[in-house]
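A.B. asks: Structure incoming, see below.
The values are calculated or read from the model by the stated rules, or taken from the named source; none is laboratory data. Note that the coordinates shown come from a computational prediction; the quantities given were computed from them, not determined experimentally. Cβ placement follows ideal geometry from the backbone for every residue including glycine, while neighbour counts extend to all protein chains displayed.
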Amino acid sequence: MNTELVLGLVLTAGIILGELGEKLGFPRVTGYILAGFLLNPDILHIVPVSFVESSEPITNVCLALLTFSVGGTLALGPLKELGKGIAFIALGEAELAAFMVTIGTLVALPLIVHIHGATFMATYLPLGLLLGALASPTDPSATLAVMHQYKAKGPVSFTIMGVAALDDALGIMNFSIATALAAVFSANTALHIGSLIIPLGAIAGAVILGVACGFLFHFVARALRRAPEGLYIVMIIAVLSLCYGIATLANLDQLLATMTVGITVVNFGRERDRIFRLIEDYAEPLIFVLFFTISGMYIAFSVLVKFLPLVLLFVVFRAAGKLSGAFAGATLAHAPKTVRRYTGWGLLPQGGIVIGLALIMRQNPAFASISNIIVSVTIGAAVIHELIGPITSKLVLQKAGELPDLTHHSGSH
């Protein structure tokens, strides 16, 4: 089957199941991933394995745009207005989720699943660190969709939206550090200061590259400020592809680099509102359909079945970390009782950027022996999170008294 036909199938299946998912009350992303499941070479044998293996350039450009958008949520002015309470809650839920999943994986995985030739330092520790970092990000789209549908207003809704602005950025930073450490352990070499300098240098270099590309973005955008919107979108994709490609060439952290471009543009670029509006209106629909449908095609179902207990462990330990971390952060910030009690439940949905992080890790030869496990577990858990997320979000916002439509409706009977 030729590539053009496969691409048409991917987009068509993604659009149909995305729309169907939304009509059934689920996020469109869930439908896209399920479309990828159906087109997975392990299931229907319609799409050749060669297409999935050669789709990295597509997913990489999609990731560059996704992480750029994440960086675009970190405008310093609005973040300062949100206050330190939001920062406490975001740090608490992101870091405790990472900690709980890391410890849970290290303790439970050797007992429930046998991995041939595995050792603690070279297999289980990298697995624990990477899965822990992948537990940090939240996909707030399910919760935000519920808020929008029922016109939710109140301190819990406000807090969830504020935490969502920081959450993915913390997840990317956690993942960058975890990848650097896990690569050292996977190499099965002695840990010393010298072995950490290169990975940490890659993180610092990514930030410097991102800032440089951000200012390049700023100057090009000013030169093209009277250009039509189509040319503007081409410019956005061109600069982000350059940044991602240079980071890959220089062995720097690609996602941290493109996220830093977003942070630089949103804080220093005069054309920032136009740039992020164009991405949201035109680029994101195509990027989301392509990226998440192709992501579903990466799952190795034999691996997913074998490691299903790990998927469930990931979901449970992550939920425990999110709930306890959000509660602890809200308590430290002296937040109202409803915020302490309910915010964590609105942070359970997961998809989006976490799948991108797993696919980036898959490209790293240092993790060849564990990459299929991590990708399958991450996407499997994301589907569970995207299915239960809208339900838990609606329930907790209703309990917090922040869904006026439902409150009014129930009060009228």
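A.B. asks: Restricting the search to segment 86-140, which residues are of a type outside the set (A, V, I, L, M), assigned to a helix (DSSP H, G or I) and either in contact with a Lys or Arg (Cβ under 8 Å, 6 or more places away or on another chain) or surrounded by 20 or more Cβ atoms within 10 Å (Cβ to Cβ) (or both)?
C.D. replies: If the condition is that a residue be of a type outside the set (A, V, I, L, M), assigned to a helix (DSSP H, G or I) and either in contact with a Lys or Arg (Cβ under 8 Å, 6 or more places away or on another chain) or surrounded by 20 or more Cβ atoms within 10 Å (Cβ to Cβ) (or both), then Phe88, Gly92, Glu93, Thr102, Gly104, Thr105, Thr123, Pro126, Gly128, Gly132 are the ones that fit.
A.B. asks: Enumerate the pairs (first residue in segment 225-237 and more than 18 Å from Val61 (Cβ to Cβ); second residue anywhere and among the hydroxyl-bearing types (Ser, Thr, Tyr) and in a helix (DSSP H, G or I)) with beta-carbon separation below 9 Å, excluding pairs fewer than 6 apart on the same chain, so at least 6 apart or on different chains.
C.D. replies: Pairs found: Arg225/Tyr232; Glu229/Tyr282.
A.B. asks: Could you grab me the full set of residues in segment 53-82 that are more than 21 Å from Ile353 (Cα to Cα) and in contact (Cβ under 8 Å) with a residue 60 or more places away in the chain? Before you say what the answer is, go through the steps one by one.
C.D. replies: Applying the first criterion (more than 21 Å from Ile353 (Cα to Cα)) to segment 53-82 yields 76-78, 80-82.
Matches in segment 53-82: Leu76, Pro78, Leu82.
A.B. asks: Related question: Given the residues Ala35, Ala64, which is the only one that is under 30 Å from Arg272 (Cα atoms) and out of contact with any His (no Cβ under 8 Å at 6 or more places or on another chain)?
C.D. replies: Details: Ala35 fails: under 30 Å from Arg272 (Cα atoms).
On inspection, the qualifying residue turns out to be Ala64.
A.B. asks: Does Leu312 satisfy the criteria of being at pLDDT 90 or above, within 30 Å of Ile16 (Cβ to Cβ) and of a type outside the set (D, E, K, R)?
C.D. replies: Numbers: at pLDDT 90 or above: yes; within 30 Å of Ile16 (Cβ to Cβ): yes; of a type outside the set (D, E, K, R): yes.
Answer is yes for this residue.
A.B. asks: Is it true that Ile353 is surrounded by fewer than 18 Cβ atoms within 10 Å (Cβ to Cβ) and under 24 Å from Glu22 (Cα atoms)? Before the answer, list the steps.
C.D. replies: Values: surrounded by fewer than 18 Cβ atoms within 10 Å (Cβ to Cβ): no; under 24 Å from Glu22 (Cα atoms): yes.
No; evaluated as a whole, the condition is false for this residue.
A.B. asks: I've got another one for you. Run down Tyr232, Tyr282 and say which single residue is crowded, with 18+ Cβ neighbours inside 10 Å and not acidic (Asp, Glu).
C.D. replies: Numbers: Tyr282 fails: crowded, with 18+ Cβ neighbours inside 10 Å.
Criteria check complete, one pass: Tyr232.
A.B. asks: Is one or more of the residues making up segment 389-401 among the basic types (Lys, Arg) and surrounded by fewer than 16 Cβ atoms within 10 Å (Cβ to Cβ)? Outline the logic, then answer.
C.D. replies: Within segment 389-401, the first condition is being among the basic types (Lys, Arg), and the residues that meet it are 394, 399.
Now narrow it down to the ones that are surrounded by fewer than 16 Cβ atoms within 10 Å (Cβ to Cβ): 399.
Yes, segment 389-401 contains at least one residue that is among the basic types (Lys, Arg) and surrounded by fewer than 16 Cβ atoms within 10 Å (Cβ to Cβ).
A.B. asks: Still on this structure, please answer the following. Just to confirm my filter: which helices (runs of 4 or more DSSP H) fall fully inside segment 187-282 and include at least 2 residues that are in contact with a Pro (Cβ under 8 Å, 6 or more places away or on another chain) and more than 30 Å from Ala122 (Cα to Cα)? I'd like the intermediate steps shown before the answer.
C.D. replies: Numbers: elements: 193-223, 229-249, 254-268, 272-278.
Passing ranges: none, list empty.
A.B. asks: Scan segment 361-380 residue by residue and report those that are within 16 Å of Ala182 (Cα to Cα) and buried (at least 20 other Cβ atoms within 10 Å of the Cβ). Spell out how you get there, then give the answer.
C.D. replies: So the first thing to find is which residues in segment 361-380 are within 16 Å of Ala182 (Cα to Cα), and the list is 361-375.
Once the filter is applied, which keeps residues that are within 16 Å of Ala182 (Cα to Cα) and buried (at least 20 other Cβ atoms within 10 Å of the Cβ), segment 361-380 yields Met361, Phe367, Ile370, Ser371, Ile373, Ile374, Val375.
A.B. asks: Kindly provide the set of residues from segment 50-62 that are outside any helix (DSSP H, G or I) and surrounded by fewer than 18 Cβ atoms within 10 Å (Cβ to Cβ), ordered by number.
C.D. replies: Start the filter on segment 50-62 by keeping residues that are outside any helix (DSSP H, G or I), which leaves 54-55.
Correct list: Ser54 only.
A.B. asks: Looking at (1) under 30 Å from Asn40 (Cα atoms); (2) at pLDDT 85 or above, can you tell me which one Ser302 breaks?
C.D. replies: Failed condition: (2).
A.B. asks: Going by what's in this entry, would Tyr298 be described as farther than 27 Å from Ile58 by Cβ and either without any contact (Cβ under 8 Å) to a residue 24 or more places away in the chain or in contact with a Lys or Arg (Cβ under 9 Å, 6 or more places away or on another chain) (or both)?
C.D. replies: no
A.B. asks: When segment 328-341 is examined, which residues are found to be over 21 Å from Asp168 (Cβ atoms) and in contact with a helix residue (DSSP H, G or I) (Cβ under 8 Å, 6 or more places away or on another chain)?
C.D. replies: Taking segment 328-341 as the starting set, the residues that turn out to be over 21 Å from Asp168 (Cβ atoms) are 331-332, 334-338, 340-341.
Answer for segment 328-341, where residues must be over 21 Å from Asp168 (Cβ atoms) and in contact with a helix residue (DSSP H, G or I) (Cβ under 8 Å, 6 or more places away or on another chain): Thr331, Leu332, His334, Ala335, Pro336, Thr338, Arg340, Arg341.
A.B. asks: Mind listing whichever residues of segment 1-49 are aliphatic (A, V, I, L, M), assigned to a loop (DSSP other than H, G, I, E, B) and either under 22 Å from the mean Cα position of the chain (by Cα) or farther than 25 Å from Ser393 by Cα (or both)? Steps first, please.
C.D. replies: Within segment 1-49, the first condition is being aliphatic (A, V, I, L, M), and the residues that meet it are 1, 5-7, 9-11, 13, 15-17, 20, 24, 29, 33-35, 38-39, 43-44, 46-47, 49.
From the residues that got through so far, the ones that are assigned to a loop (DSSP other than H, G, I, E, B) too are 1, 24, 43-44, 46-47.
Within segment 1-49, Met1, Ile43, Leu44, Ile46, Val47 qualify.
A.B. asks: From (1) among the hydrophobic types (A, V, I, L, M, F, W, C); (2) at pLDDT 85 or above; (3) loosely packed, with under 15 Cβ neighbours inside 10 Å, pick out the condition that doesn't hold for Leu11.
C.D. replies: (3)
A.B. asks: Would you confirm whether or not segment 221-236 contains a residue that is over 26 Å from the mean Cα position of the chain (by Cα), modelled with pLDDT of 80 or more and closer than 25 Å to Gly356 by Cβ?
C.D. replies: The answer is yes; a qualifying residue exists.
A.B. asks: Right, here's the next one. Take the conditions surrounded by fewer than 19 Cβ atoms within 10 Å (Cβ to Cβ) and either in contact with a helix residue (DSSP H, G or I) (Cβ under 8 Å, 6 or more places away or on another chain) or closer than 19 Å to Ile172 by Cβ (or both) and apply them to Leu216. Does it pass? Quick ask: steps written out before the conclusion?
C.D. replies: Numbers: surrounded by fewer than 19 Cβ atoms within 10 Å (Cβ to Cβ): yes; either in contact with a helix residue (DSSP H, G or I) (Cβ under 8 Å, 6 or more places away or on another chain) or closer than 19 Å to Ile172 by Cβ (or both): yes.
Criteria met by Leu216.
A.B. asks: Is segment 323-334 home to any residue that is closer than 29 Å to Val383 by Cβ, surrounded by 14 or more Cβ atoms within 10 Å (Cβ to Cβ), in contact (Cβ under 8 Å) with a residue 12 or more places away in the chain and under 17 Å from the mean Cα position of the chain (by Cα)?
C.D. replies: Step one: list which residues in segment 323-334 are closer than 29 Å to Val383 by Cβ, which gives 323-330.
Narrowing the set further to residues that are surrounded by 14 or more Cβ atoms within 10 Å (Cβ to Cβ) leaves 323-330.
Those left that are additionally in contact (Cβ under 8 Å) with a residue 12 or more places away in the chain: 323-330.
Restricting the remaining residues to those that are under 17 Å from the mean Cα position of the chain (by Cα) gives none.
Within segment 323-334, not a single residue is closer than 29 Å to Val383 by Cβ, surrounded by 14 or more Cβ atoms within 10 Å (Cβ to Cβ), in contact (Cβ under 8 Å) with a residue 12 or more places away in the chain and under 17 Å from the mean Cα position of the chain (by Cα).
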